[in-house]
């Protein structure tokens, strides 16, 4: 469908452009750009701020935007490790920053939180083809500056949507490659209409069979922007989102399966009465998310500006699961009568569906004051989340006449507000003092019946949780630029974070977690001239009451996390880039770190030979290693570009890492290294602004590696058993792309 739309658009629109520019003279393009810059003033940092950060501009994003999710585009930035359930960077993807997972990384778009209000996670397939909607990205490492949403316990990612242009433009992009991966995208920008209005719209479709069996992805996305402009004000209506259908693939494979069939996926496995097996073909996550933003930016004069963003996000979806040998009483279903009065069905295979419906809305505002040596931002945000979770047993296989049955339903509301003031003052030539203070208030309520069966009460878990948090997060630092090319900085930041939903639901009765606190020290040096840039950043992130998995099981049989009094991450980040010639650039980054828990106690569940639960054994370890935190992350980039041709060779190395906090070699990921090659050629014709032909070769040297996994330990009949599961990544695979800009 999109191929046809692209062809029609190119046929009709491209000749129109060739006829010449519009009849009237439009306003100053630079002025439109300056006003749109104000939108991110409050959440972005610059060279005068004592924060470790990396910027990605629209050209860098577009160069690698062949259809993979955002984590794949960020994986070569310092201290970042990307993961993919399906093995090819599309669908169930995520990334970690300094060892912190997505629930601990603050992610915003135009200052609006993207992290789910309850889980704190970001599900990238809920906003398909986000890379095509983004104009720029800033990755701040560490606590960073004040932002909206969950606390940054590893870092933050600040994205802005693509800028509106006052010139008519369009783009058609098509990709195809391994595992039937394909992307079609069409964008049209109106340019300035009536000297004040600009409209920009995009539709996209991405699908893939996935590297892992039945880990398919089918994503439909859109992006719409309408803007009104005058000399001092821009009003923009932005809407983006889409529909995602993603095959579940979060079980992983064992080490033995890695040797025999590394693409195996156990999700949807059906165990038939005759001993045969097959797979349920609808083990799929279906979700729709619509993000709406109304952005008002006004510049009063050369010193004062104001940005206000109202936002509303709607999400609704479900996923189906085939479950074998289920005890119906754990679903609240009484024994089901059969034709034989003496026989009832109390256990059966069944199909269940878990659903959710949520609404998230609020306002983000900041007033910005700038003079030659002083910058001040005063702002805040307020939001309300309203979510509903419920589940239905769709069918009971042993009782085909049994109808749909709702077995749980619960509701959540969350109120989140913050106020901040931040200032950057150049007190002397090159010497900047930075200060940032934020107050945050959260109220979180969860009530109803949860989906987990509580072994203590022998019933589905009942929720009645009401929590209020008050956080004060100060930040301060000094930045000194000297001798034109040198910069040195030091900063101290506090970030605090509330527990997420699962921290309350996956626990022991009446044992609820406390909030977490991070004290973050950063010290760095940067050298930059016209051809060479090098930097070093030292960090010490001290956590109080960090929530980590201990090996315990909750009352509902889920992995339990507890507050650990003392833990830390400390390391050194190195970056360098050298323009050897005007057509060849060499870049590199590396992170060397230690990530530790002090006075850690591992808990291991004990069972007899018949798997009857006997209790838990405690093993005191004194100091242990935080899970999913490699000691070394390193990347090298070779960028060759001459005339219209470009070649980008990227290699990343990640050292071994533990999958639990107990420091068990059997529950670890091996070190891995992979290389990606991006080739491109750009040219123009009389009818086009630019045509780019590209080829992305992933895992160039066919490395067999896993970038994620999980594991757990138990003691069975007196013998310790460590079970590990891995997520294998695709072998050498390719994606070809053609993008036509007009």
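The values are calculated or read from the model by the stated rules, or taken from the named source; none is laboratory data. What you are looking at is a predicted structure, and each value in this text was computed from that prediction instead of being measured. Here Cβ is always computed from backbone atoms with ideal geometry, including for glycine, and neighbour counts include all displayed protein chains.
Results for (1) under 16 Å from residue 51 (Cβ atoms); (2) without any contact (Cβ under 8 Å) to a residue 60 or more places away in the chain; (3) in a strand (DSSP E or B), shown as yes or no for each residue.
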residue: 481; (1), (2), (3): yes, no, yes
residue: 484; (1), (2), (3): no, yes, no
residue: 490; (1), (2), (3): yes, no, yes
residue: 499; (1), (2), (3): no, yes, no
residue: 511; (1), (2), (3): no, yes, no
residue: 517; (1), (2), (3): no, yes, yes
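Considering each of 602, 579, 618, 573 in turn, give the residue that is at pLDDT below 95 and crowded, with 16+ Cβ neighbours inside 10 Å.
Details: 579 fails: at pLDDT below 95; 618 fails: crowded, with 16+ Cβ neighbours inside 10 Å; 573 fails: at pLDDT below 95.
From the options 602, 579, 618, 573, the qualifying one is 602.
When the residues of the stretch 332-365 are filtered to those that are in contact with a helix residue (DSSP H, G or I) (Cβ under 9 Å, 6 or more places away or on another chain) and part of a strand (DSSP E or B), which remaining residue is farthest from residue 271 (Cα to Cα)?
By that ranking, first place goes to 336.
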The residue from 714, 655, 684 that alone is free of Cβ contacts under 8 Å to residues at least 12 places away in the same chain and either in contact with a strand residue (DSSP E or B) (Cβ under 8 Å, 6 or more places away or on another chain) or surrounded by 19 or more Cβ atoms within 10 Å (Cβ to Cβ) (or both) is 684
- Could you please let me know if residue 463 is under 21 Å from residue 546 (Cα atoms), assigned to a strand (DSSP E or B) and under 29 Å from the mean Cα position of the chain (by Cα)? no
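Inside the stretch 189-213, can you point out the residues that are assigned to a strand (DSSP E or B), in contact with a helix residue (DSSP H, G or I) (Cβ under 7 Å, 6 or more places away or on another chain) and surrounded by fewer than 23 Cβ atoms within 10 Å (Cβ to Cβ)? Break it down into steps so the answer makes sense when it comes.
Kept after step one, since they are assigned to a strand (DSSP E or B), are these residues of the stretch 189-213: 189, 193, 197-208.
Subset that is in contact with a helix residue (DSSP H, G or I) (Cβ under 7 Å, 6 or more places away or on another chain): 202-205, 208.
Matches in the stretch 189-213: 202, 203, 205.
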Next item on the list: Would you check if there is a residue in the stretch 643-651 being out of contact with any strand residue (DSSP E or B) (no Cβ under 8 Å at 6 or more places or on another chain), surrounded by fewer than 15 Cβ atoms within 10 Å (Cβ to Cβ) and under 30 Å from residue 581 (Cβ atoms)?
Entry: yes
Residue count, the stretch 658-681, condition in contact (Cβ under 8 Å) with a residue 60 or more places away in the chain and in a loop (DSSP other than H, G, I, E, B), comes to 4
Among residues of the stretch 17-54 being surrounded by fewer than 15 Cβ atoms within 10 Å (Cβ to Cβ) and at pLDDT 85 or above, the residue farthest from the chain's Cα centre (by Cα) is 47
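Inside the stretch 50-167, counting only strands (runs of 3 or more DSSP E) that do not spill past its ends, which hold 3 or more residues that are touching a helix residue (DSSP H, G or I) at 6+ places or on another chain (Cβ under 8 Å)? Please lay out each step first, then the result.
Details: elements: 52-56, 80-84, 93-97, 105-109, 134-141, 155-161.
By residue number, 80-84, 93-97, 134-141, 155-161.
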Of (1) under 24 Å from residue 505 (Cα atoms); (2) out of contact with any helix residue (DSSP H, G or I) (no Cβ under 9 Å at 6 or more places or on another chain); (3) surrounded by 15 or more Cβ atoms within 10 Å (Cβ to Cβ), residue 375 satisfies every one except (1)
Among (1) farther than 30 Å from residue 251 by Cα; (2) at pLDDT 65 or above, residue 95 falls short only on (1)
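Can you spot a residue in the stretch 522-536 that is crowded, with 21+ Cβ neighbours inside 10 Å, touching a strand residue (DSSP E or B) at 6+ places or on another chain (Cβ under 8 Å) and part of a strand (DSSP E or B)? Don't jump to the end; show me each part of the working.
Going through the stretch 522-536, the residues crowded, with 21+ Cβ neighbours inside 10 Å turn out to be 522, 524.
Going one step further and asking which of them are touching a strand residue (DSSP E or B) at 6+ places or on another chain (Cβ under 8 Å), we end up with 522, 524.
From what's left, part of a strand (DSSP E or B): 522, 524.
Yes: one or more hits.
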Screening 496, 542, 546 for residues that are surrounded by fewer than 18 Cβ atoms within 10 Å (Cβ to Cβ) and in contact with a strand residue (DSSP E or B) (Cβ under 9 Å, 6 or more places away or on another chain) leaves only 542
**Prompt:** Quick one: is residue 190 within 17 Å of residue 68 (Cα to Cα) and in contact with a strand residue (DSSP E or B) (Cβ under 7 Å, 6 or more places away or on another chain)?
**Reply:** no
(1) exposed (fewer than 15 other Cβ atoms within 10 Å of the Cβ); (2) farther than 30 Å from residue 586 by Cβ; (3) in contact with a strand residue (DSSP E or B) (Cβ under 6 Å, 6 or more places away or on another chain) all hold for residue 438 apart from (1)
Residues of the stretch 378-407 being in a strand (DSSP E or B), more than 27 Å from the chain's Cα centre (by Cα) and in contact (Cβ under 8 Å) with a residue 60 or more places away in the chain, in sequence order, are 393, 394, 396, 399, 405, 407
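Enumerate the strands (runs of 3 or more DSSP E) found wholly within the stretch 548-632, keeping only those where 1 or more residues are touching a residue at least 40 places away in the same chain (Cβ under 8 Å), within 30 Å of residue 524 (Cα to Cα) and more than 25 Å from the chain's Cα centre (by Cα). Full working, then the answer.
Numbers: elements: 559-581, 584-607, 613-625.
Correct list: 559-581, 584-607.
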Checked 172, 244 against criteria (over 19 Å from residue 742 (Cα atoms) and touching a strand residue (DSSP E or B) at 6+ places or on another chain (Cβ under 6 Å)); the one match is 244
Of 424, 432, 368, the only residue that is farther than 16 Å from residue 113 by Cβ, part of a strand (DSSP E or B), touching a residue at least 60 places away in the same chain (Cβ under 8 Å) and in contact with a helix residue (DSSP H, G or I) (Cβ under 9 Å, 6 or more places away or on another chain) is 368
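Applying the selection to the stretch 217-241, what residues are free of Cβ contacts under 8 Å to residues at least 40 places away in the same chain and either part of a loop (DSSP other than H, G, I, E, B) or farther than 25 Å from residue 313 by Cα (or both)? First the steps, then the outcome.
Step one: of the stretch 217-241, the residues free of Cβ contacts under 8 Å to residues at least 40 places away in the same chain are 218, 222, 224, 226, 228, 230.
The one that is free of Cβ contacts under 8 Å to residues at least 40 places away in the same chain and either part of a loop (DSSP other than H, G, I, E, B) or farther than 25 Å from residue 313 by Cα (or both): 230.
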